[in-house]
Amino acid sequence: MICINCCCEVDCLYVEYSNNHIRLTDCAKCKEVVDRYVEFDNVLLFIDLLLLKPGAYRHLVYNSLELELSKYPERKHEFSARTWKQRSLLTLLRLRDWFVKFDKLNRVWILITAFEVYLTWVSEERNYAQSNSNELIEFILSRSALSQYLCFAIYCVADFVLLCGLTHYFLVKWFKWGRKVKYSKHVVSYTILLSYGVKIFPFLMLIWPYDTLLSTNIVKLVSNAYIIEALKVVTNLAYSNIIFLYVVVFLVRWISVRPLLCMLVTEGDIQFCGKFMEVEYKRLLRRLLRI
Ligand SMILES: [Zn+2]
């Protein structure tokens, strides 16, 4: 656990007395209250998250997450698996423990992914209707509704897993961040998940007539800025490092997730994938030249 003001490590956030009253701990270094968000209502916390208040992010991804995960210590199962039946039982027990432990995180993740899949589907359909030149999207849209949904769901999940995994990998590898952080992998995933929440806003644009390509691009830019700012707040690294890392992660996602979707849709047709990537590459070049 950390002090949300100066980020120094602390043992506890508050002291609980027998009459259920709590007293918030003061930080020995900065003399401020270690984590005032302990007493905050969820609505106020959500507003502070939208306003990108550093304390709100640090409270959720460090203190709240550690308190939640420490309720479920790593359980050692009593027997060592020898037969395949014991091994399957052990796997099921570990899977159940994992779902119980990460219940809250999984709920947030499922909610945001559901929004993301629908918005990606809508925006790809709209882009295709306007430009009429994307063979991959044309191929996907010619399938049944369930198949279309599954394709975009796999695309969004793969993209998100790659975003979290690569960000954590580069933070540790390049900037030596997170060696003292107990749940560093989950801290990065949770930070990205919380800042991803901004992507829900285009839903309002589907209701009101502001759903132009310009406004969609503005929302994409804002959500990327949110992720960069949230990572900066949580890791305390310089903006230049975070932006460099984010650009590298973006490029790796761009060259791997779309081809993956392409391979999936065409059932491994490498020739079609190559052709599609060439079209996408030319389109990106045209966009960059226009800028
Ligand atoms: Zn402090």
So, first residue over 14 Å from VAL38 (Cα atoms) and assigned by TED's automatic domain parsing to the domain that holds GLU66 in region 10-23, second residue in a strand (DSSP E or B) and within 14 Å of the ligand (Cβ to nearest atom), Cβ within less than 7 Å, six or more apart or across chains; the pairs are VAL10/ILE2
>> On the basis of being surrounded by 14 or more Cβ atoms within 10 Å (Cβ to Cβ), β-branched (Val, Ile, Thr), under 23 Å from ALA153 (Cα atoms) and modelled with pLDDT of 90 or more, does VAL249 make the cut?
In response: yes
Among ALA153, ALA129, the single one that is without any contact (Cβ under 8 Å) to a residue 60 or more places away in the chain, among the hydrophobic types (A, V, I, L, M, F, W, C), over 19 Å from ILE255 (Cβ atoms) and surrounded by fewer than 15 Cβ atoms within 10 Å (Cβ to Cβ) is ALA129
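Yes/no per residue for (1) in contact with a Leu (Cβ under 6 Å, 6 or more places away or on another chain); (2) assigned to a helix (DSSP H, G or I); (3) without any contact (Cβ under 8 Å) to a residue 40 or more places away in the chain:
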site: GLU229; (1), (2), (3): yes, yes, no
site: VAL233; (1), (2), (3): no, yes, no
site: ILE243; (1), (2), (3): no, yes, yes
site: LEU251; (1), (2), (3): no, yes, yes
site: TRP254; (1), (2), (3): no, yes, yes
site: ARG258; (1), (2), (3): no, yes, no
site: GLU267; (1), (2), (3): no, no, yes
site: GLY274; (1), (2), (3): no, yes, yes
site: GLU278; (1), (2), (3): no, yes, yes
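Each row is one residue, and each column tells you yes or no for (1) over 16 Å from the mean Cα position of the chain (by Cα); (2) in the same structural domain as ILE4 (by TED's automatic domain parsing); (3) buried (at least 17 other Cβ atoms within 10 Å of the Cβ).
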{"site": "GLU229", "(1), (2), (3)": "no, no, no"}
{"site": "ILE242", "(1), (2), (3)": "no, no, yes"}
{"site": "PRO259", "(1), (2), (3)": "yes, no, yes"}
{"site": "CYS262", "(1), (2), (3)": "yes, no, yes"}
{"site": "PHE276", "(1), (2), (3)": "yes, no, yes"}
{"site": "TYR281", "(1), (2), (3)": "yes, no, no"}
{"site": "LEU285", "(1), (2), (3)": "yes, no, no"}
Conditions (1) closer than 30 Å to ALA158 by Cβ; (2) within 16 Å of the ligand (Cβ to nearest atom) -> LEU105 fails only (2)
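The values are calculated or read from the model by the stated rules, or taken from the named source; none is laboratory data. In this text the structure is predicted, and so the values were computed from the model without any measurement. Neighbour counts run over all protein chains shown; Cβ positions are idealised from the backbone, glycine included.
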